[in-house]
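Everything below concerns the one structure shown next.
Please treat every number below as a calculation from the coordinates, not as lab data. Because the structure is predicted, anything quoted here is derived from the model rather than measured. We place every Cβ from the backbone using ideal geometry, glycine too, and count neighbours over all the protein chains shown.
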Ligand SMILES: NC(=O)c1ccc[n+]([C@@H]2O[C@H](COP(=O)([O-])OP(=O)(O)OC[C@H]3O[C@@H](n4cnc5c(N)ncnc54)[C@H](O)[C@@H]3O)[C@@H](O)[C@H]2O)c1
């Protein structure tokens, strides 16, 4: 019952380490710290056990992965390790193919060779590109619009093919927009460079570290003209992995699941909720749409509910309160 978690020092991975340990699994974390701070491991040891095993290394490095699997009797892999920025992937696509596809290929090879039974893969709603219909179901055609999205879809297909030809069972989780942090405020979203996605910028404005938020477009065909997204608490996502790792896929060798709340929130609604959660003003200005952004995306999560018994339980207010709590903790620590 030992799970190898690649990218376990990162945002979603660190919360999943805590959730899997709480569910009674032993975990081994592999991370190269290309987008995480080493202090996260100290926090994880406080939240789980001082003996938590952490190995620094590249998930694409087969000898490292093979040694870990043999030493720790790994029976399942949860693969988070990846590069994840859409703009970065447009600027440097080959780095994205190299890191995301190569790591997944190496891990899958080792998993099949070692007879590792369950492989859970972090995918993304980004694979849907511009969805032709809403809500987005797992059957909505996947037409990624960026190299990052293309790498995720490529990995999904590679894993599904490997599962069809082996005893490995693959669960592909397509996350919508993760927000929030652990209730303790000890772990949360903490990349090495200041994140440019919406919630971290909202938090920086609320803290007074940035002057105002730019809202990209108020002329979309939505209820207030701003873009709609499906925000989901990172702790709910983490619990989704606990459900996935024990999933009985019935007759399927691989299965895709959307993980979101099924609720779409506009950017202006999000700002209102963030003002309430933080008790701070969040000045914003409307600027032009960003090329490539889509008007609206939210998930149909009924498959995850029916087949994994999973449903996101935490609402937007909780997500923002927890995200703010963590942002304040980091500021108090001087980081
Ligand atoms: N956060 C999101 O908005 C989001 C949405 C959908 C899907 N995802 C996917 O979820 C996964 C985790 O995302 P996150 O937000 O936690 O990102 P993150 O950057 O916080 O975590 C990724 C972790 O993987 C590590 N890493 C990267 N490449 C590695 C490699 N080759 N070997 C070992 N470690 C490596 C990084 O150091 C980091 O700790 C990614 O696969 C991402 O594509 C994230």
Rh (Kirkwood; distinct C-alpha pairs) - the stretch 219-260, Å: 13.1
For the chain, built as a Gaussian network whose Cα springs stay under 10 Å, the top-fluctuating residue of 303, 174, 280: 280
Percent of C-alpha pairs per 10 Å bin, the stretch 88-142, short to long: 19, 34, 35, 12, 0
Antiparallel %, DSSP beta bridges [both residues in the chain], to 5: 5
Binned Cα-Cα distances of the stretch 171-210, short to long, each 5 Å bin given as a whole percent: 6, 18, 23, 28, 16, 7, 2, 1, 0
Residue 249-residue 22 FRET efficiency (beta carbon distance; Förster radius 22 Å; 0.05 resolution): 0.40
P(r) tail fraction, the stretch 47-145 - alpha-carbon pairs more than 17 Å apart, %: 62
Whole-number Å³ per residue for the convex hull built on Cα positions in the stretch 157-223: 216
Using alpha-carbon coordinates, inclination of helix 234-245 to the longest axis of the chain, degrees: 20
Helix 11-22 axis, angle to the chain major axis (alpha carbon atoms, nearest 10°): 60
Spherically averaged projected area in nm², based on the convex hull that wraps the Cα atoms of the stretch 84-193: 8.8
The stretch 284-322 and the stretch 1-55: distance between their alpha carbon centers, rounded to Å: 25
Rel. contact order, % - alpha carbon contacts under 8 angstrom, at least six apart, the stretch 1-111: 32
Potential extension, residue 130-residue 219 segment - 0.36 nm per residue separation minus Cα distance: 30.4 nm
Projected-area average for the stretch 200-314 over all orientations - Cα convex hull basis, square nanometres: 8.8
Where only C-alpha atoms are counted, convex hull volume of the stretch 187-226 per residue in Å³: 100
FRET efficiency for residue 287 and residue 46, using Cβ-Cβ distance with R0 set to 41 Å, rounded to 0.05: 0.50
Cα-based Rg / Dmax (Å) for the stretch 45-104: 14.5, 40
Rounded tilt (10° steps) of 316-332 against the dominant C-alpha axis of the chain: 90
Estimated 222 nm signal from helices in the chain, with DSSP H stretches of n ≥ 4 weighted -39500 (n - 2.57), rounded to 500: -11500 deg cm²/dmol
Segment residue 280-residue 112, length gained on full extension (0.36 nm per residue, minus Cα span): 55.4 nm
Centre separation in Å (Cα based) which lies between the stretch 113-154 and the stretch 189-233: 23
Cα extents of the chain along the three principal axes, largest first (Å): 54, 45, 38
Neighbour-count ranking [beta-carbon atoms within 10 angstrom, fewest first] of 122, 146: 146, 122
Mean separation of Cα contacts under 8 Å, 6 or more apart, over the residue count of the stretch 77-145: relative contact order %: 32
Whole-number percent relative contact order across the chain, with pairs defined as alpha carbons under 8 Å at least 6 apart: 19
